[in-house]
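These notes concern the structure reproduced below.
The values are calculated or read from the model by the stated rules, or taken from the named source; none is laboratory data. Everything numeric here is computed off the predicted structure, so don't read it as measured data. Heads up, the Cβs are rebuilt from the backbone with ideal geometry, glycines too, and the neighbour counts pull from every protein chain shown. These accessible areas exclude ligands, DNA and RNA; they are computed on the full protein's heavy atoms, side chains included. Shrake-Rupley method; radii C 1.70, N 1.55, O 1.52, S 1.80 Å.
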Amino acid sequence: MVSPVTVVKSEGPKLVPFFKSTCVYFVLWLPTSSPSWFSALIKCLPIFCLWVFLLAHGFSFLGAHSSARKILAGLIFSALGDAFLIWQEQGYFVHGLLMFAITHILYSSAFGMKPINVRAGLVITAVSSVSYMLLYPYLSGPFTYLVAVYIALIGFMGWRAIAGLQLANDLWTWTKLSACLGAVLFMVSDLTIAVNKFCFPVPHSRAIIMATYYAAQMLIALSAVECQDVEVARKRI
(Lines give C-alpha, C1' and ligand atoms only; values in the text may rest on other atoms or scores of the structure.)
Protein backbone atom coordinates (compact mmCIF):
# COMPACT_ATOMS: atom_id res chain seq x y z
CA MET A 1 0.00 0.00 0.00
CA VAL A 2 1.31 3.46 -0.91
CA SER A 3 2.03 5.53 2.21
CA PRO A 4 0.25 8.86 2.87
CA VAL A 5 3.62 10.65 2.83
CA THR A 6 4.26 9.39 -0.70
CA VAL A 7 0.80 10.53 -1.72
CA VAL A 8 1.33 14.05 -0.37
CA LYS A 9 4.68 14.35 -2.14
CA SER A 10 3.41 13.04 -5.48
CA GLU A 11 -0.12 14.48 -5.63
CA GLY A 12 0.14 17.58 -3.42
CA PRO A 13 1.82 19.88 -5.97
CA LYS A 14 -0.79 19.00 -8.61
CA LEU A 15 -3.55 20.15 -6.23
CA VAL A 16 -2.05 23.58 -5.51
CA PRO A 17 -4.16 25.31 -8.23
CA PHE A 18 -7.29 23.73 -6.72
CA PHE A 19 -6.49 25.05 -3.23
CA LYS A 20 -5.67 28.51 -4.58
CA SER A 21 -8.87 28.74 -6.64
CA THR A 22 -10.91 27.54 -3.65
CA CYS A 23 -9.37 30.32 -1.56
CA VAL A 24 -10.24 32.82 -4.31
CA TYR A 25 -13.89 31.73 -4.15
CA PHE A 26 -14.12 32.16 -0.38
CA VAL A 27 -12.19 35.45 -0.42
CA LEU A 28 -14.31 37.05 -3.14
CA TRP A 29 -17.57 35.53 -1.77
CA LEU A 30 -19.60 36.95 -4.64
CA PRO A 31 -23.26 37.65 -3.81
CA THR A 32 -25.68 34.97 -4.96
CA SER A 33 -28.40 37.60 -5.41
CA SER A 34 -26.74 38.93 -8.58
CA PRO A 35 -25.62 35.94 -10.67
CA SER A 36 -23.20 36.55 -13.53
CA TRP A 37 -20.85 34.65 -15.79
CA PHE A 38 -17.96 35.93 -13.66
CA SER A 39 -19.48 34.49 -10.48
CA ALA A 40 -20.11 31.22 -12.34
CA LEU A 41 -16.45 31.14 -13.41
CA ILE A 42 -15.20 31.75 -9.88
CA LYS A 43 -17.49 29.04 -8.49
CA CYS A 44 -16.48 26.50 -11.17
CA LEU A 45 -12.76 27.33 -11.12
CA PRO A 46 -11.83 24.79 -8.39
CA ILE A 47 -13.60 22.06 -10.39
CA PHE A 48 -11.74 23.14 -13.54
CA CYS A 49 -8.52 22.74 -11.54
CA LEU A 50 -9.54 19.17 -10.67
CA TRP A 51 -9.93 18.50 -14.40
CA VAL A 52 -6.35 19.68 -14.80
CA PHE A 53 -5.28 17.55 -11.83
CA LEU A 54 -6.55 14.38 -13.54
CA LEU A 55 -5.28 15.42 -16.96
CA ALA A 56 -1.83 16.02 -15.42
CA HIS A 57 -1.54 12.26 -14.91
CA GLY A 58 -1.47 11.85 -18.66
CA PHE A 59 -3.83 10.80 -21.40
CA SER A 60 -2.32 7.32 -21.37
CA PHE A 61 -3.37 6.95 -17.71
CA LEU A 62 -6.91 8.14 -18.46
CA GLY A 63 -7.05 5.90 -21.50
CA ALA A 64 -6.00 2.85 -19.49
CA HIS A 65 -8.35 3.35 -16.53
CA SER A 66 -12.07 3.76 -17.16
CA SER A 67 -12.74 4.74 -13.53
CA ALA A 68 -10.51 7.80 -13.92
CA ARG A 69 -12.30 8.77 -17.15
CA LYS A 70 -15.69 8.43 -15.46
CA ILE A 71 -14.61 10.63 -12.56
CA LEU A 72 -13.29 13.23 -15.02
CA ALA A 73 -16.64 13.12 -16.84
CA GLY A 74 -18.40 13.48 -13.49
CA LEU A 75 -16.35 16.59 -12.74
CA ILE A 76 -17.35 18.04 -16.12
CA PHE A 77 -21.04 17.55 -15.38
CA SER A 78 -20.47 18.94 -11.87
CA ALA A 79 -19.14 22.16 -13.35
CA LEU A 80 -22.23 22.42 -15.55
CA GLY A 81 -24.38 21.82 -12.47
CA ASP A 82 -22.53 24.55 -10.56
CA ALA A 83 -23.13 26.98 -13.41
CA PHE A 84 -26.85 26.20 -13.57
CA LEU A 85 -27.21 26.63 -9.80
CA ILE A 86 -25.79 30.14 -10.05
CA TRP A 87 -29.08 30.97 -11.80
CA GLN A 88 -31.31 28.70 -9.74
CA GLU A 89 -33.62 31.56 -8.77
CA GLN A 90 -34.17 32.17 -12.48
CA GLY A 91 -35.53 28.64 -12.90
CA TYR A 92 -32.39 26.59 -13.49
CA PHE A 93 -32.36 24.60 -10.25
CA VAL A 94 -33.77 21.47 -11.94
CA HIS A 95 -31.11 21.74 -14.66
CA GLY A 96 -28.42 21.77 -11.98
CA LEU A 97 -30.11 18.84 -10.26
CA LEU A 98 -30.00 16.86 -13.51
CA MET A 99 -26.29 17.59 -14.05
CA PHE A 100 -25.42 16.37 -10.56
CA ALA A 101 -27.65 13.32 -10.97
CA ILE A 102 -25.55 12.36 -14.01
CA THR A 103 -22.42 13.05 -11.94
CA HIS A 104 -23.53 10.57 -9.27
CA ILE A 105 -24.27 7.92 -11.90
CA LEU A 106 -20.77 8.35 -13.33
CA TYR A 107 -19.14 8.25 -9.89
CA SER A 108 -21.12 5.12 -8.97
CA SER A 109 -19.93 3.43 -12.13
CA ALA A 110 -16.34 4.51 -11.40
CA PHE A 111 -16.47 3.01 -7.88
CA GLY A 112 -17.82 -0.28 -9.27
CA MET A 113 -20.16 -2.95 -7.93
CA LYS A 114 -17.61 -5.07 -6.05
CA PRO A 115 -17.63 -5.77 -3.20
CA ILE A 116 -21.38 -5.63 -2.62
CA ASN A 117 -21.18 -4.91 1.15
CA VAL A 118 -24.85 -5.40 2.06
CA ARG A 119 -24.38 -3.85 5.50
CA ALA A 120 -23.17 -0.56 4.02
CA GLY A 121 -26.06 -0.64 1.58
CA LEU A 122 -28.60 -1.08 4.38
CA VAL A 123 -27.09 1.78 6.39
CA ILE A 124 -27.16 4.13 3.39
CA THR A 125 -30.72 3.06 2.55
CA ALA A 126 -31.80 3.89 6.11
CA VAL A 127 -30.05 7.28 6.05
CA SER A 128 -31.50 8.12 2.62
CA SER A 129 -35.01 7.05 3.67
CA VAL A 130 -34.92 9.14 6.84
CA SER A 131 -33.61 12.13 4.88
CA TYR A 132 -36.46 11.90 2.39
CA MET A 133 -39.04 11.43 5.14
CA LEU A 134 -37.82 14.64 6.78
CA LEU A 135 -37.91 16.55 3.48
CA TYR A 136 -41.20 15.12 2.19
CA PRO A 137 -43.62 17.40 4.11
CA TYR A 138 -41.90 20.43 2.57
CA LEU A 139 -41.90 19.17 -1.02
CA SER A 140 -44.58 19.82 -3.61
CA GLY A 141 -45.18 19.29 -7.30
CA PRO A 142 -42.41 17.67 -9.37
CA PHE A 143 -39.91 18.08 -6.53
CA THR A 144 -41.74 15.35 -4.60
CA TYR A 145 -40.44 12.87 -7.16
CA LEU A 146 -37.27 14.61 -8.35
CA VAL A 147 -35.82 14.84 -4.85
CA ALA A 148 -36.66 11.17 -4.22
CA VAL A 149 -34.81 10.10 -7.37
CA TYR A 150 -31.87 12.36 -6.57
CA ILE A 151 -31.56 11.03 -3.02
CA ALA A 152 -31.64 7.48 -4.40
CA LEU A 153 -28.84 8.30 -6.86
CA ILE A 154 -26.55 10.03 -4.39
CA GLY A 155 -27.29 7.32 -1.82
CA PHE A 156 -26.31 4.66 -4.35
CA MET A 157 -23.10 6.57 -5.11
CA GLY A 158 -22.34 6.79 -1.39
CA TRP A 159 -22.97 3.05 -0.97
CA ARG A 160 -20.57 2.14 -3.77
CA ALA A 161 -17.86 4.40 -2.35
CA ILE A 162 -18.27 3.13 1.21
CA ALA A 163 -18.54 -0.51 0.10
CA GLY A 164 -15.04 -0.40 -1.30
CA LEU A 165 -13.52 0.52 2.07
CA GLN A 166 -12.89 -2.87 3.71
CA LEU A 167 -11.29 -1.82 6.98
CA ALA A 168 -12.06 -5.09 8.77
CA ASN A 169 -10.23 -7.16 6.17
CA ASP A 170 -7.23 -4.81 6.02
CA LEU A 171 -7.82 -4.44 2.29
CA TRP A 172 -8.27 -0.69 2.29
CA THR A 173 -6.15 1.81 0.42
CA TRP A 174 -5.85 5.55 0.90
CA THR A 175 -7.74 6.15 -2.34
CA LYS A 176 -10.68 3.99 -1.23
CA LEU A 177 -10.73 5.96 2.01
CA SER A 178 -10.63 9.15 -0.08
CA ALA A 179 -13.61 8.01 -2.16
CA CYS A 180 -15.55 7.09 0.97
CA LEU A 181 -14.94 10.42 2.71
CA GLY A 182 -15.65 12.31 -0.51
CA ALA A 183 -19.00 10.57 -1.00
CA VAL A 184 -20.05 11.22 2.62
CA LEU A 185 -19.13 14.92 2.35
CA PHE A 186 -21.03 15.17 -0.96
CA MET A 187 -24.11 13.77 0.79
CA VAL A 188 -23.72 16.27 3.64
CA SER A 189 -23.40 19.14 1.16
CA ASP A 190 -26.48 18.15 -0.84
CA LEU A 191 -28.58 17.47 2.26
CA THR A 192 -27.70 20.96 3.51
CA ILE A 193 -28.81 22.38 0.14
CA ALA A 194 -32.13 20.51 0.37
CA VAL A 195 -32.88 21.54 3.95
CA ASN A 196 -31.94 25.16 3.26
CA LYS A 197 -34.00 25.34 0.05
CA PHE A 198 -37.10 23.38 1.00
CA CYS A 199 -37.34 23.35 4.80
CA PHE A 200 -35.79 26.25 6.70
CA PRO A 201 -32.74 28.53 6.49
CA VAL A 202 -29.57 26.81 7.69
CA PRO A 203 -27.13 29.14 9.49
CA HIS A 204 -23.98 29.65 7.40
CA SER A 205 -25.49 27.31 4.81
CA ARG A 206 -23.44 28.58 1.88
CA ALA A 207 -20.13 28.12 3.72
CA ILE A 208 -21.12 24.62 4.84
CA ILE A 209 -22.37 23.63 1.39
CA MET A 210 -19.35 24.87 -0.56
CA ALA A 211 -16.68 23.76 1.92
CA THR A 212 -18.01 20.19 2.04
CA TYR A 213 -18.65 20.20 -1.71
CA TYR A 214 -15.14 21.27 -2.72
CA ALA A 215 -13.59 18.85 -0.22
CA ALA A 216 -15.79 16.05 -1.56
CA GLN A 217 -14.84 16.69 -5.18
CA MET A 218 -11.14 16.86 -4.32
CA LEU A 219 -11.26 13.56 -2.43
CA ILE A 220 -13.18 11.83 -5.22
CA ALA A 221 -10.71 13.15 -7.80
CA LEU A 222 -7.86 11.82 -5.64
CA SER A 223 -9.50 8.39 -5.57
CA ALA A 224 -9.02 8.16 -9.34
CA VAL A 225 -5.23 7.95 -9.10
CA GLU A 226 -5.12 4.66 -7.16
CA CYS A 227 -4.22 2.55 -10.17
CA GLN A 228 -1.23 4.71 -11.01
CA ASP A 229 0.06 4.69 -7.44
CA VAL A 230 -0.28 0.91 -7.22
CA GLU A 231 1.74 0.53 -10.41
CA VAL A 232 4.45 2.86 -9.08
CA ALA A 233 4.58 0.93 -5.81
CA ARG A 234 4.94 -2.40 -7.63
CA LYS A 235 7.84 -1.09 -9.69
CA ARG A 236 9.66 -0.12 -6.50
CA ILE A 237 9.35 -3.60 -4.99
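With a 1.4 Å probe and every protein chain kept in, tell me what percent of the accessible surface of the chain is carbon plus sulfur.
72
Judged by the mean number of other Cβ atoms found within 10 Å, the most tightly packed of the peptides 38-50, 182-194 leads the ranking 182-194, 38-50.
Its Cα centre serving as origin, the chain has a Cβ charge dipole (Lys and Arg +1, Asp and Glu -1) of approximately 400 debye. A helix-only calculation puts the chain at -24500 deg cm²/dmol for mean residue ellipticity at 222 nm, using -39500 (n - 2.57) for each DSSP H run of at least four residues, averaged over all residues. Once the Cα atoms are used to define both axes, helix 37-55 deviates from the longest principal axis of the chain by about 20 degrees.
Sorted by mean Cβ packing within 10 Å, highest first, what order do the peptides 208-214, 85-91 take?
Details: 208-214: 19.1, 85-91: 15.0.
Top of the packing list down: 208-214, 85-91.
Between the alpha-carbon centres of the stretch 171-189 and the stretch 30-98 there is a gap of 19 Å.
Sorted by accessible area with a 1.4 angstrom probe, largest first, how do 20, 197 fall?
Values: 20 135, 197 80 Å².
Correct descending sequence by accessible area is 20, 197.
Just the number please: accessible area per residue for the chain, 1.4 Å probe, all protein chains included, in Å². Mind dumping the intermediate values first?
Values: 12180 Å² over 237 residues.
On a per-residue basis, the chain sits at 51 Å².
Ellipsoid semi-axes for the stretch 4-235, based on the Cα gyration tensor and the rule √(5λ), read 29, 23, 14 Å when sorted largest first. Simple spin-label estimate for residue 206 and residue 144 gives 3.3 nm between the two label positions (7 Å along the Cα-to-Cβ direction from each Cα).
So what are the stretch 44-122's ellipsoid semi-axes, whole angstrom, largest first, if each one is the square root of 5 times an eigenvalue of the alpha-carbon gyration tensor?
On the way: eigenvalues 123, 82, 13 Å².
Each semi-axis is the square root of five times an eigenvalue, giving 25, 20, 8 Å.
First obtain the Kirkwood hydrodynamic radius of the stretch 89-218 from its Cα pairs, then insert it into the Stokes-Einstein equation at 37 °C and 0.692 mPa s, and state the resulting D in µm² per second as a whole number. Kindly include the intermediate steps, with their values, before the conclusion.
Values: Rh = 15.3 Å.
For these conditions, the coefficient is 214 µm²/s.
Shown here: the stretch 155-212, whose C-alpha atoms stretch 42, 20, 14 Å along the first, second and third principal axes, sorted largest to smallest. Computed with every protein chain present, the accessible area of residue 32 is close to 100 Å² [probe 1.4 Å]. Residue 30 sits with roughly 40 Å² accessible to a 1.4 Å probe, with DNA, RNA and ligands left out of the calculation. Quote the FRET efficiency, to the nearest 0.05, computed for residue 119 versus residue 55 with a Förster distance R0 of 30 Å and r equal to the Cβ-Cβ distance. With a Förster radius of 30 Å, E is 0.25.
In a fully extended conformation the segment linking residue 23 and residue 196 would gain 59.9 nm over its present Cα-Cα distance, using 0.36 nm per residue.
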